[in-house]
Every structure is written in structure tokens, then in C-alpha cells.
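Below: one structure, written as C-alpha cells.
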Amino acid sequence: MIGGGYVGLVSGACLAAFGAEVTVIEQDRARLARLQVGDMPIYEPGLAALLERQRIAGRLAFCGHLAEALPGREAVFIAVGTPARRGSGHADLRYVSQVVEELARCAENLPDGRELLVVMKSTVPVGTGRDVARKLAELRPDLRFTVASNPEFLREGEAINDFMQPDRVVIGLDGQRPGAESARAFLTRLYCSATSSLTPDRLAFMGLESAELTKYAANAFLALKVTFINEMADLCEASGGVIEEVARGMGLDPRIGAAFLQPGPGYGGSCFPKDTRALATTARQKGTPMQLVETTIATNEARKRRLAERILTLAATLRPLSSDPDAAERPQNGEVQIAVLGLAFKAGTDDMRDAPALTILPLLLEAGARLHLYDPQAMAQARAQLGQREGLRFAASLEDALAQAELVVVLTEWPLFRALTPQTLARLMPGRLVIDCRNLWSPEEMRAAGFTYHRLGRRID
């Protein structure tokens, strides 16, 4: 498993649990050293314990060099990062290219005429699998190999269950290759082993290009669904509807389903932003622009900015902000004190990549607000992303974040926040103004506790 990041670690640990002997290759020395002593570089519920169990069982190891781990292995999974290229939106395949070059240098032919199976686990644009096969053949014309596409569909915070109990496992193969049938048999045996609960009917075999497109298509469709329900929430606020009621009425239709119909501050994370941009870029390059996807991207970015404006409008009801013309009349040290609950793009992860907080918080700071930030898992990531700025304070605890708060903004739906009763919230903070971007609390109970409570998709009474 080449790559000790999120996908590589989850996939490696779960395949080891299925009975495979897995070595994870990680070239970052600091990260490798942490993994070798069981120190997790990322947060994913249950992953640290699963990795440790498989390491103790002897089915999972970590190594810094492919050449050391490759001898005797039947398959190589490529799980390196494919970040968006700055400015273009296309996936950056430099790490994939480096892996292919390294494979060409150190791979040896398997005995008995078998082909080495090279499995692309990274999210890559359509056509990458064939490009990898072509490049590897050029560099090593003597090497017997087959390339497969096996994209991941892991939700951060639910990744282990998603791998162990997936809706489907997508596998793309070039049916014209001599080793396609043996690759199909190997992957079926791997995923449907005696220790796995997966059955062959969950394996969706298809062509290379179809598998690559399936990954992007699925994420783009879910991103569109998130964006649609956010716009419906705005319409509910303007018209008197209640978004939870609308979403329930929609979700009961089996053609639509209830998943991804919860309004929020916009999508973020490692997949949706990157994959929608990459798909839109690929489609334009192929001469088939995807206007729905492009609009989804633009609408999601605009939502985060509009939400910041909404927060500032509420804050201005407490005191003028520095961007207001009357700011000079504000008393010294009169910044509006805002507690921001949740920084990760969603609960269950410490991932700050493209998190709405990274757009919203700088806009609040520019307007003169003072922010007290707290997240149960993402504080270290937030410090790295946001740095030290005037008016920004990383709180030591939830209680610390709330201690001076005149206004509370909820950006992430952590259970810790949901468990707060309105009475406890009233006791912990001096203010009585809340904007809940995850709809965690009951409007009636919040009003009864003395709060002016704003939530998404419901007009304030």
C-alpha cells in the first residue's frame, strides 16, 4: 500500500483485517516514525486500535522504501495524494508518476507467469489508468503486470465501517489485457475472504475509464445534493417553510433518499471540493462542460461568504464592528466576542481541508470580531491552517470558548455540542445570541432559555 495517508492507512488496516499481509509504504520519515510506534498522524474513530491489532497479529507493517517491501508481493495499491493543481483545478498526478517510476526501477516478474497487479486507489482523472499502464510498459517492457482501478468511497468519521461494509466495491479492469481475469479473481478473493463479510455481489466490475469516472460522478452528485438542500433552506427561511420537514418529505422518496439532505455551512473536506473541480476541468478539456457541477462549485463558495455576512449582521446588533462607519464611537476593547464551535469540515474527523471555517473566520476577523475557537479534534490542524492572528484565540476547552461569548456560532455538528442543553449553554456564556449552522437544538427550548436563536432553513419567530 503506497501512501500512509488517510486512504492508505484505512485501506491497509482493513485489508489486513481481511487476512492479507500488508506493508504500508510511507516516505515521509517523521510520519513513518510515528506510525511505527503506533502514533496516529490523523484522527479517524477506531483506526488506531485497528492498526495496532493488525500490527501485533503480524499482518500489517510500515516501511519507507518500496524496494524493501515489494519482493514476493502479488499486488501494489497506489494510495498517494492527488491534490488539485493551484489555479487549474485539475488533479496533480506528480506523486502517481513518481510511484510508477519507482515501480519500474524495483519491480520483478512474479513466478509462474503471473502478472503483478497494480491497483489505483488514489482518485485520478479518467484515462490515468491507461496512462499508467502505458508508462510502465515503456519503462519496463519486460515486466508482466495488469493495472486496475479501485476508487475509495470512504466517509471521514465512518471510514472503517464503509470499508468493511460497503454499498459496493468498484473495480475497473481492461478486459483486453491478458491478466484481466486473474486480476478479477485476485481482487474477488481479497475482498471476499473468509474473514470478510463482503460477498461477490457487492463487487462492481467495469472498465478502467468507467471506474475512474464513477468516483468523480458519485462525489459530484452528493456535492450537488448538499448544495441543493442549502439553497432550499434559504428558500424556507424566506417563505416560512421548515427545512427539516421539506427534507423528510423529499428523503422518503426512495429515488432521492434522506442522506446528504441536512443544511449546513457548505461542503468541504478532502474529496468534494477537489473532485468537483477536477471533474469540471476534465469535462471542459473533453469538450463536454458540466454546467451543473460548475454551478455547484460556485454556489458552495458563495454560501460560505454569505454565511459570514449573516454572522456579521447578527454581531452588529450587539455593537458596531470595525468595518462600520460608527466604529470610532465603539468603546475601547469593545470587539464582539464570538465563540466558534467546530472547525473541522464535519464531525468525526480533524480534517480542515476546505473547511467552511477557513473562509468564514478570516472574514469575521477582518470585520473586527474577536473569535474564541474550539473543536474536539481539529485544534492542531486549525492552528496550522489559521496561524496566529489578531483577534483569534484557540480555547482550551468548550467552557473556555464560551466564557466570554456574546454570540455563539456552530460550524461543526460534534455530539459534544449537541449534548449541550440550552440551560447549560445559558450558564456557560454571558450572551444570549446563537446562530446554529448545523441545527443542533430545538428552537422552542432555546427561546425558553432566553436565547435569540437562529438556525438554517427556518424563519426566526
How far apart, in nm, are the 7 Å Cα→Cβ label points at Arg29 and Thr199? 5.1 nm
Just tell me which lysines come within less than 27 Å, Cα to Cα, of Lys121; anything on the same chain fewer than 8 places away is out. Lys135, Lys215, Lys225, Lys274, Lys286, Lys346
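Give the average over all directions of the projected area of the C-alpha convex hull of segment 60-156, one decimal, in nm². Show your work: numbers first, answer last.
Values: hull surface 29.9 nm².
Mean projected area of the Cα convex hull: 7.5 nm².
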With the crude spin-label approximation of a point 7 Å out along Cα→Cβ, what separation in nm comes out for Glu399 versus Glu52? 2.8 nm
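Could you compute the FRET efficiency for Asp39 and Ala104, with r as their C-beta to C-beta distance and R0 at 25 Å, rounded to 0.05?
0.15
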Degrees separating the helix 291-316 axis from the principal Cα axis of the chain, which is the longest one: 30 degrees
Given labels modelled 7 Å from the Cα in the Cβ direction, how far is it in nm from Glu138 to Thr188? 3.5 nm
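Using only C-alpha positions, report the orientation-averaged shadow area of the convex hull of the chain, nm², one decimal.
Projected area, direction-averaged: 24.4 nm².
Once R0 is set to 51 Å, what does the formula 1/(1 + (r/R0)^6) return for the Cβ-Cβ distance between Ile460 and Ala384, expressed as a FRET efficiency to the nearest 0.05?
Calculated value: 0.90.
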With the charge dipole of the chain built from beta-carbon charges (+1 for Lys and Arg, -1 for Asp and Glu) about the Cα centre, the Cα from Met429, Ser11, Gly81 projecting farthest to the positive end belongs to Gly81
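Tally Lys/Arg at +1 and Asp/Glu at -1 over every other residue whose Cβ is under 14 Å from the Cβ of Gly348; what's the total?
With Lys, Arg at +1 and Asp, Glu at -1, the neighbours total -4.
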What is the set of long-range amide H partners of Val118 at a cut-off below 5 Å, with H atoms built 1.01 Å from backbone N? Val76, Thr146, Val147, Ala148
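Would you mind working out the magnitude of the charge dipole of the chain relative to its Cα centre, with +1 at each Lys and Arg C-beta and -1 at each Asp and Glu C-beta, to the nearest 20 Debye? Working shown, then result.
Details: 53 positive and 55 negative charges, 76 e Å.
That gives the chain a dipole magnitude of about 360 debye.
Determine the equivalent ellipsoid of segment 14-90 by diagonalising the alpha-carbon gyration tensor, then write out the semi-axes as square roots of 5 times the eigenvalues, largest first, rounded to whole Å. All intermediate terms of the calculation are to be shown ahead of the outcome.
Details: eigenvalues 110, 58, 35 Å².
Three semi-axes, in Å: 23, 17, 13.
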Going by alpha carbons, how many degrees (0 to 90, nearest 10) lie between the helix axis of 94-106 and the longest principal axis of the chain? 20 degrees
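Can you run the Rg to Rh ratio on segment 150-287? Use alpha carbon positions and the Kirkwood inverse-distance Rh. Please list the in-between numbers first.
Details: Rg = 18.5 Å, Rh = 17.5 Å.
Reported Rg/Rh (Cα atoms, Kirkwood Rh): 1.06.
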Charge-dipole axis of segment 339-461 as Lys and Arg at +1 and Asp and Glu at -1 on Cβ define it, positive-most pick from Phe394, Ala405, Phe451: Phe451
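If the chain between Thr452 and Ile256 were fully stretched, how many nm would it gain, using 0.36 nm times the residue separation less the Cα-Cα distance? If you can, show how the numbers build up before the last one.
On the way: separation 196, 0.36 × 196 = 70.56 nm, distance 3.39 nm.
Between Thr452 and Ile256, full extension yields 67.2 nm more.
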Taking Cα atoms, how many degrees apart are the long axis of helix 272-285 and the longest axis of the chain, rounded to 10 and kept between 0 and 90? 60 degrees
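Please work out how much length the chain gains when fully extended from Lys286 to Ser239, using 0.36 nm per residue of separation minus the C-alpha to C-alpha distance, in nm with one decimal.
Working: separation 47, 0.36 × 47 = 16.92 nm, distance 4.10 nm.
Full extension from Lys286 to Ser239 adds 12.8 nm.
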In segment 84-205, if the dipole is taken from +1 on Lys/Arg beta carbons and -1 on Asp/Glu beta carbons about the Cα centre, which of Gly179, Phe145, Ala91 is farthest to the positive end? Ala91
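Values in this text are rule-based calculations from the coordinates and carry no lab data. None of these values were measured; they are calculated from a predicted model. Ideal geometry is used to build each Cβ from the backbone, glycine not excepted, and the neighbour counts take in all protein chains shown.
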